[in-house]
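> First the structure, then my questions, so here it is.
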Amino acid sequence: MDHATRTIINYFKQINQIPRCSKQEQRVSRWLWQWATDRKIPVKSDPAGNLVLQVPASNGFEQAPVVILQGHMDMVCEKQDDSDHDFSTDPIHMVQDGPWLSAVKTTLGADNGIALAMALALADCPDVSHPPLELFFTVEEETGLAGVLKMDPSLLSGRILINLDSEDEGVFIVGCAGGRNTTIDRPLDVGTLEGAYDLLGVSAHGMKGGHSGVDIAKHRANANKIMARLLSAGIAVAPMRLVAINGGTGRNVIPRGCEVLVACRRDAIDALVKRIGSVAGIIKQEYKTADPELDVHVDKKGPAKAGQLGATEKDTAVVVNLLAALQSGPIEMAEDFPHLVQTSTNLSMVGISDNALVVTANQRSSVPSRLDAICLAVEAAGRLAGATVHTGIGYPSWPMNRKSPLLQRCTVLYQELFDDSPTVQIMHAGLECGVIGERCPGMDMIALGPTIENPHSPSERLYLPSVEKVWRLMVALLKSLG
């Protein structure tokens, strides 16, 4: 590991000592503020909690245009089922395996802690010549870009922005998808499980999950959709009554697990177990390459307790049909970039609250009218099931600027440094650039970063050699802009 990479990873380790799930960024914000204060760097903030560290220019670069380095403070907090990690108090335990850096049974937080670390290292290194810098660190990016949507545009004076929240080194992002979340709320008709009812537990787990944007086209299983197929197969054998369901952990995460408790007539239990097990075997075969750890458990729980409640057979069928009808995965591919997803939807979370089914779906598209269309399809499925639906305002897409001077400069520098051409593409995920560009007209922007695999999942890992390449590019770019 070279000196620059060690410096960046040392900053990253310090950041990972601080719990920083979305909506809990106060401690890392205070740490960043203190870091700036110790170096006599002015800091500005807005009521939302977004920060700007105003780093003075290097000698001789004072008259250069201000450059913004941008990332977000929060991280997606996911862990394996057997982990006792407490994200509210525990630091991230990082481990290195050859060229890869990961965490023990949790997300690593490289999305987007490595951006903070990179920006701090660039600002603090005396050997890096740079223009005036604004280190723009936002909150609640992972909850629908909530922090940047509430940004005060007057925080920023620069009109050149480098977003460090991309996850493939050598790929320059010059546009992104917009997104919206839809909530489906369907009251359930429930009653006591009187008579000869036995309980059956069904769990689908072990899936890779991942980011519901950048990983949506990797053919990974969605645990909520898998459960819909299993329950549909069960209902074809005998009626069931839904007692409990819990699937998914975040609106921007492909669900890795789903658990259900159902009640059925005692004389049908064996046939149900057999049928669900048979379909589970078929599903596991389908995903043997993309999701080889996918597993299904079916457990007989014995007789229902006196007074235990369950949805009626009719409403249970409605729930199963709704989950089966809701699409999840890529919907359309981009015309300009045929290998990239243009429009997608993710059946993110399913649960029961106050005797009502609550479903959350996340839609994305780089074409605003197609985002409208996929949201309409999700809403229609909910309404046909007798549910109340609500789609949030969401966040805008970032239209591609093919004539961006910043893109042209980065491309030339990359070719000179690495004797290779970068890939230029649009990202199928929400980037804060879309909001910033809308709030700050005239902003010339690009997104880049080191290679991160499996973000938003406990399999997240950072490719260390890519950190050094991004550092070299950023050093050259800042000098060039000066």
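The values are calculated or read from the model by the stated rules, or taken from the named source; none is laboratory data. Since the model is a prediction, treat every value here as computed from it, not as a measurement. Cβ: placed from backbone, ideal geometry, glycine included. Neighbour counts: every protein chain shown. Keep in mind that these areas ignore ligands, DNA and RNA; they rest on the heavy atoms of the full protein, side chains included. Shrake-Rupley method; radii C 1.70, N 1.55, O 1.52, S 1.80 Å.
> Which trypsin sites (Lys or Arg not before Pro) in the range 225-318 sit in a loop by DSSP (not H, G, I, E or B) and have at most 13 other Cβ atoms within 10 Å of their own Cβ?
Details: sites: K225, R229, R241, R251, R256, R265, R266, K274, R275, K284, K288, K300, K301, K305, K314; in loops: R251, R256, K288, K305.
Passing both the DSSP loop test and the Cβ count: K288, K305.
> Using the alpha carbon gyration tensor of the range 409-482, what are the three equivalent-ellipsoid semi-axes (square root of 5 times each eigenvalue), largest first, in whole Å?
The equivalent ellipsoid of the range 409-482 has semi-axes of 22, 21, 11 Å.
> With r as the distance between the Cβ atoms of V358 and E416 and R0 = 56 Å, compute the FRET efficiency 1/(1 + (r/R0)^6) and round to 0.05.
Efficiency, rounded to the nearest 0.05: 0.60.
> Would you mind working out the magnitude of the charge dipole of the range 16-69 relative to its Cα centre, with +1 at each Lys and Arg C-beta and -1 at each Asp and Glu C-beta, to the nearest 20 Debye?
240
> May I pose another question? Kindly sort H456, H85 by accessible area of their heavy atoms, largest first, with the probe set to 1.4 Å.
H85, H456
> Can you give me the solvent accessible area of K79 with a 1.4 Å probe, rounded to the nearest 10 Å²?
K79 has an accessible surface of roughly 70 Å² with all protein chains in place.
> Y463: accessible area at probe 1.4 Å, nearest 10 Å²?
About 80 Å², ignoring ligands and nucleic acids.
> What's the percent breakdown of Cα-Cα distances in the range 394-437 across 5 Å bins, shortest bin first?
Reading upward from the zero bin: 5, 19, 22, 22, 16, 11, 4, 1, 0.
> Now for a separate question. Amide H neighbours of N50 under 5 Å, counting only residues 5+ apart in sequence or on other chains, H built in-plane at 1.01 Å?
For N50, whose amide H was placed from the backbone, the distant partners under 5 Å are V139.
> Among the listed pairs K79/K218; K23/K105; K208/K300; K23/K79; K274/K301, give every one whose C-alpha distance is greater than 24 Å.
Working: K79/K218 21 Å; K23/K105 22 Å; K208/K300 27 Å; K23/K79 18 Å; K274/K301 15 Å.
Beyond 24 Å: K208/K300.
> Normalised by the residues of the range 309-454, what does the relative contact order come to in percent, with Cα pairs under 8 Å and at least six apart? Working shown, then result.
Numbers: 150 pairs, mean separation 24.9, N = 146.
The value is 17 percent.
> Which number comes out as Rg/Rh for the range 336-482 once both Rg and the Kirkwood Rh are worked out on C-alpha atoms?
That ratio is 1.06, to two decimals.
> When we measure straight from the Cα of K403, which lysines land under 25 angstrom away, once same-chain ones fewer than 8 places off are left out?
Result set, ordered by chain and number: K469, K479.
> Mind ranking 328-335, 316-323 by how tightly packed they are, going by the mean number of other C-beta atoms within 10 angstrom, highest first?
So the peptides 328-335, 316-323, ranked by packing, come out 316-323, 328-335.
> Let me have the 222 nm mean residue ellipticity of the chain computed from DSSP H runs of 4+ only, each contributing -39500 (n - 2.57), with the sum over all residues rounded to the nearest 500.
Values: 11 runs with 146 residues, N = 482.
The helix contribution divided over the chain gives -9500 deg cm²/dmol.
> Give me the accessible area of F12, 1.4 Å probe, in Å² rounded to the nearest 10.
About 0 Å², ignoring ligands and nucleic acids.
> Looking at C77, N50, Q96, which one has the Cα that reaches farthest to the positive end of the dipole of the range 34-98 (charges on Cβ: Lys, Arg +1; Asp, Glu -1)?
Comparing the listed Cα positions along the dipole, N50 ranks first.
> Could you work out the relative contact order of the range 1-159, using alpha carbon pairs under 8 angstrom and six or more residues apart, expressed as a whole percent?
On the way: 280 pairs, mean separation 57.1, N = 159.
About 36 percent, as a whole number.
> Excluding P91 itself, what net charge comes from residues whose Cβ is under 13 Å from its Cβ, given Lys and Arg +1 and Asp and Glu -1? Write down the numbers at each step before the final one.
Details: positive: K13, R20, R27; negative: D86, D90.
Residues close to P91 contribute a combined charge of +1.
> Output the relative contact order of the chain, whole-number percent, from Cα pairs under 8 angstrom with separation of 6+ residues.
Relative contact order, the chain: 24 percent.
> Check the chain for me: any Cys whose beta-carbon has no other cysteine beta-carbon within less than 4.7 Å?
For the chain, the answer is C125, C176, C258, C264, C375, C410, C433, C440, because their Cβ atoms have no other cysteine Cβ under 4.7 Å.
> So what's the Cα pair-distance distribution over the chain, bin width 20 Å, in %?
24, 51, 21, 4, 0
> If each residue of separation counts as 0.36 nm, what is the full-extension length gain between E286 and R402 once their alpha-carbon separation is subtracted?
37.7 nm
> Using unit Cβ charges (K, R positive; D, E negative) and no other charged atoms, how large, in debye to the nearest 20, is the dipole of the range 413-478 about its Cα centre?
120
> If you wrap a convex hull around the C-alpha atoms of the range 1-147 and split its volume per residue, what is the figure in Å³?
Expressed per residue, the convex hull around the Cα atoms of the range 1-147 is 113 Å³.
> If you put +1 on each Lys and Arg Cβ and -1 on each Asp and Glu Cβ, how big is the dipole of the range 1-149 around its Cα centre, in Debye rounded to 20?
480
> Once neighbouring chains are kept in place and the probe is 1.4 Å, which whole percent of the accessible area of the chain is contributed by carbon and sulfur?
On the way: 9790 of 19550 Å².
The nonpolar share, carbon plus sulfur, comes to 50 percent.
> Right, another one. With every protein chain left in place, what is the accessible area per residue of the chain in square angstrom, probe 1.4 Å?
Working: 19550 Å² over 482 residues.
Solvent-accessible surface per residue comes out at 41 Å².
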